[in-house]
Each structure stands twice: as C-alpha cells, then as structure tokens.
1. Which residue pairs have Cβ atoms under 7 Å apart, sit 6 or more places apart or on different chains, and have a first residue in segment 230-249 that is within 14 Å of residue 175 (Cβ to Cβ) and a second that is acidic (Asp, Glu)?
2. Which residue pairs have Cβ atoms closer than 9 Å, lie 6 or more positions apart in sequence or on different chains, and pair a first residue in segment 94-117 that is over 22 Å from residue 61 (Cα atoms) and near the ligand (Cβ under 9 Å from one of its atoms) with a second residue that is assigned to a loop (DSSP other than H, G, I, E, B) and charged (D, E, K, R)?
3. Mind listing whichever residues of segment 1-28 are assigned to a strand (DSSP E or B) and β-branched (Val, Ile, Thr)?
4. Inspect segment 199-212 for any residue being within 18 Å of the chain's Cα centre (by Cα) and either surrounded by fewer than 22 Cβ atoms within 10 Å (Cβ to Cβ) or in the same structural domain as residue 341 (by TED's automatic domain parsing) (or both) and give the result as yes or no.
5. Which number in (1) more than 16 Å from the ligand (Cβ to nearest atom); (2) hydroxyl-bearing (Ser, Thr, Tyr); (3) over 15 Å from the mean Cα position of the chain (by Cα) marks the one condition that residue 160 misses?
6. Being crowded, with 23+ Cβ neighbours inside 10 Å and either in a strand (DSSP E or B) or more than 15 Å from the ligand (Cβ to nearest atom) (or both) narrows it down to one residue among 83, 63; which is it?
7. Test residue 185 against the stated conditions and say whether it is modelled with pLDDT under 95 and either touching a Ser or Thr at 6+ places or on another chain (Cβ under 8 Å) or surrounded by 22 or more Cβ atoms within 10 Å (Cβ to Cβ) (or both).
Amino acid sequence: MKALVLRGHGDLTRLAIADVPAPAIMGPRQVLIRLRAAALNHLDLWTMRGLPGLSLQFPHILGGDGAGEVEAVGSDVTAVRPGDKVMINPGVACYHCETCDAGEHSLCPEYQLLGEHLPGTLAEYLVVPEQNVRRIPDPPAPHPPITWREAAAFSLVTLTAWRMLITRARLRPGEVVLIWGVGGGVSGAALKIAKLTGALAIVTSSSEAKLEAARGLGADVTLNHTQVDVAKEVRAVTEKRGADVVVENVGEATWEQSLRALAKRGRLVSCGATTGPRVVTDVRRMFWHQHTIMGSTMGNLAEYREIVRLLGQGHLRPTVDAAFSLADGIRAMERLDRGEQMGKIVLDV
Ligand SMILES: [Zn+2]
C-alpha cells in the first residue's frame, strides 16, 4: 500500500511516499480500516525530528488522525462491522490495566499514539483496537453530513482541547478563556469548546487573516500577539480581572504572559511547549492569587464518546484549512511546517 513515511529522523527531506506492506489483523479485537482521509498534526513534525525516548523502526508511517471504512474485523469485535464508516481515536491504551479499568486511558503506562509510537494514518490501511473507532455520526438537518475530511480532522485536537478545558480546567459558562495561537488545531478546537460552553473567548495570533477567521468562528476578542502585550489587553477587556482559564501549548515564549493574564483562582492548562519546555514561574504570584497550573494529554474513551456525540448534534465541527492527495503529502507537511494553516491540513487517501 501507499503511505507517507519517515526514512529516518531529521527534516522534511527524510519524508517519502513509499510502497509498504499493508497491516493485517493480529488480534481478536482489532479492526482493519481502509482510510479515506487523514489529517496532519504538529506532532507529526515532532516525530519527524525525533523525540526523547522514541525509538522507531524505519520506514515509519506518520499520522495520528484518520477516518475510513471498516474492511475486516477480528473474531471478538462487536463495536463495528465491515462497511461501517468510522473515525479514529489516535490514543491506543492497553485496555486491561488498573488505570484503564478506572477509565483513564491517556494515563495508561502503555499509552501510545498512532503515528508517533505506532504506524500511523497517512496510509491506505490501518489496524487499531475496536475501542479506538466510533461510527461517524449523522447530525440532524439542517446540518450537512460530516465529510471524510472533517471526520479525519476532528479527533486528536478536539479530544485534547476537550480534556484541557472541560475535564481539567472545568471551564464554566460566563468565564473568560485565553487561547494562544488560534490557527493551531488544538487552539481552534478550544475556541469551539469555549463558545459551546458559553465562555468568553479571547484568542491570539500573529496573523490578521487568522484573527479575522477566528471572529467568524465566534471569538469575542482577538489580539495580535506580535503587536500588543497580551496580559495587559486581557486585563483591559476584563475590567482588570484577568482570564479564568488560559490554554497553553506554546511554552517558553508565552508562559510568563499567560501567568500574568490569569485572574485570581485562574487555571493554566498546558498540553505542549512548541517554543521550548523550560519556563519561569513567579511562585509568589501563583500562591497569592491561588492559581492552578495543570498538564493535560489527549483524553479517555468517555471523553472521546462525548465529543463524537456532540459532533453528531452539529457541534465542534473542525475547520479544514486545505486538502492534498496522499501522493502530495510532503507538500502538505511543508505547509504545516511553515505554520500557514488556519485549522486542519487534510490528506485525501
Ligand atoms: Zn492500560
């Protein structure tokens, strides 16, 4: 089968469209999927460049997000049948340890991500446990049907943002949330979740075009972080109160501003550090204002079920930035690397 593979860690020149063996069902609860669309994530660039502790066999298939048709199922599979149209949860847990039994799959000691630790979705076929697929829901009229591209673009970023805002930060209606870099996938999903919750959303970007698009998606306040002091602006638009929740995935470049933007009893929730992981925290501000700083990664099966249910009600539809064919996948990765996208870059398989 055709796949977008990594031939070794490094830059974009290590990517190739290659012919690789198609995977086969090896266990009774596995599902073989014929992919119809896949989506890129910033994680694919991290995996390409190499991550501490990650040791891969090459060629390695990239991609965490995808959607397609069930081609075949293992003997004990009950959740889906051949022909079902499914979307894929990229986080694969063991599903039998104490942590999994407690429903906390993204904390499972064996938790792995498609495309990072496991063969990914930028390919014609994929095998995953049946726990990792859900049927693509059908929203009621007047909502248009969910497209393959939307189904592929949905899972990783929406699951990540849902756990951050709802499960971890416990965002409530009427609260103020600050979201950095709204062109990114997690940030875009966080904006939709914030609006669905009834929160006031302040978003930032370095691009006026992305801020304009964010206003179209419901952003209440848009800030160009290359031109204004974000913390000061957040205080100005909240009558000096600050943001109840800050969504962080930038790290070193924004951390201190994020803390200065937080209201008393504010919660900062981080899922990444694209500009570097070593941040500075003034502990005096943190205890005096009773801040909470928390981490979050991906999500569990209950959270995934909930976001797919909401998608089926017409909510949280992902923003598709651009679509490429699988054969043009390297150009798609170049676009991701340049950070030009507003929303998700999708590959038609
Ligand atoms: Zn487990």
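1. From residues that are within 14 Å of residue 175 (Cβ to Cβ), the pairs are 244/175; 245/175.
2. So the pair list comes out as 95/29; 97/110; 100/110.
3. Initially, segment 1-28 is screened for residues assigned to a strand (DSSP E or B), giving 2-6, 15-19.
Hits for segment 1-28 are 5, 17.
4. Scanning segment 199-212 turns up no residue that is within 18 Å of the chain's Cα centre (by Cα) and either surrounded by fewer than 22 Cβ atoms within 10 Å (Cβ to Cβ) or in the same structural domain as residue 341 (by TED's automatic domain parsing) (or both).
5. (3)
6. 63
7. Judged against the criteria, residue 185 is a match.
The values are calculated or read from the model by the stated rules, or taken from the named source; none is laboratory data. Just so we're clear, the structure is a prediction, and the values are computed from it rather than from any experiment. Here the Cβ is made from the backbone with ideal geometry for all residues, glycine too, and neighbour counts use every protein chain on show.
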